[in-house]
Amino acid sequence: MKNNLQVQEFFDLPLPDFDEGELPFFSGYCALEDDNFPFEYISDIAEIESWRKELNRPLYHIHKWWAQRLGTVFRAICLAALTPSGSDIIKLFYRSVRLKDAVIFDPFMGSGTTVGEAVKLGARAIGRDINQVAHFLVRNALAFHDRENVMATFRDIQCDVAEQIKDYYRTTLPDGTSADVLYYFWVKIVDCPECGHEVDLFSSRIFAKHAYPKRYPDSRAVCPDCGEINLVRYDAKEATCTGCSQEFNPQTGPANGQKATCPSCSYTFPIAKTIRQGNSAPNHRLYAKLVLLPNGTKQYARISREDLELFSQASKALSERIDPYPVVAIDPGYNTNQALGYNYRYWHEMFNERQLLCLSILAERIRRVPEPVLRELFTCLFSGALEFNNLFASYKGEGTGAVRHMFAHHILKPERVPLEANLWGTPKSSGSFMTMFDGRIRRALEYADDPFELRLISRNGKVVSEKVYGLSEKIGFDIACDVDDFETGKRVYLSCGDSSQTDLKDKSVDSIITDPPFFDNVHYSQLADFFHVWQRHILGENDHRKAHTTRSEFEVQNAEEAAFTERLGAVWAEAYRVLKDDGVLAFTYHHSRPEGWRSVLQALFHARFYITAVHPIKSEMSVAMPKHQAKEPIDLDIIIVCRKCIQPEQHRWDGDLWGIVTPKAADQVRRLRESGRRLSRNDVRIIVMAQLLRQLSISHDEEVAMTLLEGSAPDIEATIAALHCEKTRKLIEE
């Protein structure tokens with residue numbers, strides 16, 4: 001990548017005449033509407049953040065949420081939306097500025113990125129989300145927490161239940177000493193429809209290998225005949241079992257894609273269909289474990305009789321507990337149907353008996369935490385443990401965080417070879433309650449006390465990042481419970497509900513900054529219910545937890561284009577009402593299909609907003625699994641900046657539409673490429689679509705604009721192809 005310091009120098013613009021500290025209000029255009037808004041430099045900082053988001057913005061990652069955007073991006077948006085045109089955003093980014101008395105509203109607050117970045121800049125912030133889990137996690141992230149009380153509460157919980165839980169994750173070594181089990185390895189089994197023989201759904205007998213196998217080739221494979229654990233190369237196609245001397249191919253197993261072949265009768269059958277024909281979720285077989293030896297090393301071993309007896313003891317103990325876990329049915333939906341297709345009909349069926357027992361012990365103890373703020377915080381941590389301790393989690397291997405959490409694919413994907421982790425954990429554990437306390441809660445508290453930003457610097461000829469402290473206020477607030485409470489002077493107001501109807505006063509908000517959901521992507525509420533049922537179980541069925549589900553008929557997210565457009569338009573209409581006449585609505589968005597852009601434009605027209613600027617910016621996490629799996633991944637969002645249509649009708653314009661759209665899109669493509677960023681075809685697509693929407697929104701009324709958009713498909717594709725092609729792009733730029 002090009003030395004980003006050169007990019008910073010390119011945008012070293014004159015700064016308006018005000019000193020570091022409190023920023024004045026202004027009228028007219030804002031810096032976010034400038035064509036030279038430094039999106040490429042902000043994207044490079046955001047890129048660094050995205051690789052270790054839990055380290056660089058830990059406050060927004062104390063609990064799972066989906067499609068989380070980057071704090072660097074939203075700090076820049078908040079700054080630019082509330083500073084005058086011509087401001088040097090990079091200089092301001094690294095100044096201790098205060099947007100005193102400015103009110104920023106996020107109607108789709110999700111994990112709280114906008115709200116958190118706003119208050120770091122000294123602004124007052126309002127966040128609202130229709131989902132109870134989102135509201136819950138942001139309250140925990142932004143509330144004031146006394147660190148000594150948090151640490152003391154953790155020690156009390158540890159003293160009361162840690163050993164009780166860890167006793168169910170121990171094994172006896174050959175020399176008679178006891179050792180902790182880090183992970184148990186399970187495999188789904190299905191009865192062969194032809195002969196009734198149990199079939200292991202292994203697609204490969206290799207169940208453990210290093211994250212970098214070419215560098216560290218040692219792997220572990222289970223023998224299909226005797227079950228012995230064998231040391232093999234990760235790419236070996238032949239192996240001789242050390243237990244029974246049988247030869248086998250470690251790369252193969254009974255499962256192959258969507259089908260499996262019975263090793264007893266050689267009958268091949270469809271896996272999902274066979275499971276659906278049963279009356280219950282699939283059974284599992286325990287076949288291996290990873291043991292933490294007393295000297296600190298790890299050892300893979302086959303399952304012993306003692307291990308099976310210990311699991312039976314856990315099952316018996318679970319059966320003797322009263323109301324140990326929530327019993328809530330899984331509702332059908334786009335993101336739950338895959339689990340329902342495997343006969344997972346209740347949320348608790350996603351755990352085995354030992355997991356349910358230990359979760360029950362931990363939940364009961366958290367329920368007894370006397371202080372409500374602390375009880376909620378540790379319930380939030382408990383949710384994190386749920387994410388990594390279930391039958392939908394899997395093994396990532398050595399050399400990385402060992403547990404792949406259940407939402408790695410953003411769906412409820414049944415796992416054929418699930419991993420059971422030690423719930424309380426050890427210092428060598430991944431995804432445990434103990435290690436997540438350090439990795440999520442303690443780290444978030446440290447960040448809240450002393451927030452930092454990342455800055456690109458040159459070191460030994462390379463561009464690296466450093467942390468810059470002292471720019472932001474501490475985070476931790478007495479959160480307002482309603483708008484009247486907020487108007488007493490409190491800094492943060494969070495609410496849960498439909499953002500098309502709020503209790504905010506007319507023209508009371510200086511800027512609205514958000515990231516709306518997609519209509520055809522991950523349905524957050526369907527997945528959030530996994531956490532919600534346990535939060536109700538611990539905290540009680542009150543306040544925002546009265547219903548058994550977080551789903552709502554008023555959600556903006558909807559698979560039907562017309563419904564999505566209508567509901568998004570209703571939220572934008574409410575935004576129009578509460579936004580001051582000189583304020584901006586700014587939101588991030590991307591979509592690969594025409595209907596996604598059509599909906600956004602139509603919703604803005606309905607709410608009487610027009611687009612004044614669009615900027616490409618670094619999108620979600622670089623390590624996101626769906627991004628890696630996509631043929632043409634989208635690495636960018638578009639910042640769409642809007643203003644209220646104060647005039648009843650907009651100006652009609654019949655000029656050269658593509659003569660304006662193409663050069664602007666080409667310039668943004670050029671700037672990103674010159675900064676060293678590689679663009680996929682879909683990255684170019686969203687740049688072109690955003691520029692097209694901008695011009696349509698300011699040049700035509702709704703009817704004409706939508707007609708032009710519908711008829712622009714050939715021009716859109718031709719422009720994308722030209723800008724994506726190196727030779728044609730250079731001709732356009734010239």
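The values are calculated or read from the model by the stated rules, or taken from the named source; none is laboratory data. Values in this document were obtained by computation on a predicted structure and should not be read as measured data. Heads up, the Cβs are rebuilt from the backbone with ideal geometry, glycines too, and the neighbour counts pull from every protein chain shown.
Glu566 meets the stated requirement of being buried (at least 16 other Cβ atoms within 10 Å of the Cβ), charged (D, E, K, R) and closer than 20 Å to Thr707 by Cα.
Residue-wise test of (1) farther than 30 Å from Arg57 by Cα; (2) not assigned by TED's automatic domain parsing to the domain that holds Pro294.
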| position | (1), (2) |
| --- | --- |
| Ala152 | no, no |
| Asp175 | yes, no |
| Tyr184 | yes, no |
| Asp191 | yes, no |
| Gly196 | yes, no |
| Asp218 | yes, yes |
| Arg233 | yes, yes |
| Glu238 | yes, yes |
| Gln246 | yes, yes |
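The residue of the range 518-562 that is nearest to Thr588 (Cα to Cα), among those that are under 16 Å from the mean Cα position of the chain (by Cα) and surrounded by fewer than 21 Cβ atoms within 10 Å (Cβ to Cβ), is Phe518.
Which of the residues belonging to the range 204-240 are of a type in the set (Val, Ile, Thr) and surrounded by fewer than 19 Cβ atoms within 10 Å (Cβ to Cβ)? Within the range 204-240, just Thr240 meets the criteria.
Residues of the range 329-361 that are among the hydrophobic types (A, V, I, L, M, F, W, C), closer than 15 Å to Ala281 by Cβ and surrounded by 16 or more Cβ atoms within 10 Å (Cβ to Cβ): Ile330, Ala339, Leu340, Trp347, Met350, Phe351, Leu356. Name the residues in the range 153-190 that are more than 18 Å from Leu423 (Cβ to Cβ), buried (at least 17 other Cβ atoms within 10 Å of the Cβ) and of a type in the set (D, E, K, R), would you? Scanning the range 153-190 gives a single hit, Lys188. Highlighted here are the strands (runs of 3 or more DSSP E) found entirely within the range 388-498 that include at least 1 residues which are closer than 30 Å to Gln299 by Cβ: 419-421. Listed by position, the helices (runs of 4 or more DSSP H) contained in the range 285-386 that have at least 3 residues being acidic (Asp, Glu) and closer than 29 Å to Ile275 by Cβ form an empty set.
Out of everything in the range 106-133 that is assigned to a loop (DSSP other than H, G, I, E, B) and hydrophobic (A, V, I, L, M, F, W, C), what residue ends up being farthest from the chain's Cα centre (by Cα)? It comes out as Ala123.
Of all residues in the range 269-276, one or more are surrounded by 13 or more Cβ atoms within 10 Å (Cβ to Cβ), over 35 Å from the mean Cα position of the chain (by Cα) and of a type in the set (A, V, I, L, M, F, W, C). Of all positions in the range 416-433, at least one carries a residue that is under 24 Å from the mean Cα position of the chain (by Cα) and farther than 30 Å from Ile157 by Cα.
The criterion of at least 2 residues that are aliphatic (A, V, I, L, M) is met, among helices (runs of 4 or more DSSP H) falling completely within the range 538-629, by 561-578, 594-607. Filtering the range 223-256 to residues that are without any contact (Cβ under 8 Å) to a residue 24 or more places away in the chain, of a type in the set (Ser, Thr, Tyr) and touching a strand residue (DSSP E or B) at 6+ places or on another chain (Cβ under 7 Å) leaves Thr240, Thr242. Is there a residue in the range 135-146 that is within 30 Å of the chain's Cα centre (by Cα) and without any contact (Cβ under 8 Å) to a residue 12 or more places away in the chain? Yes - at least one qualifying residue is present in the range 135-146.
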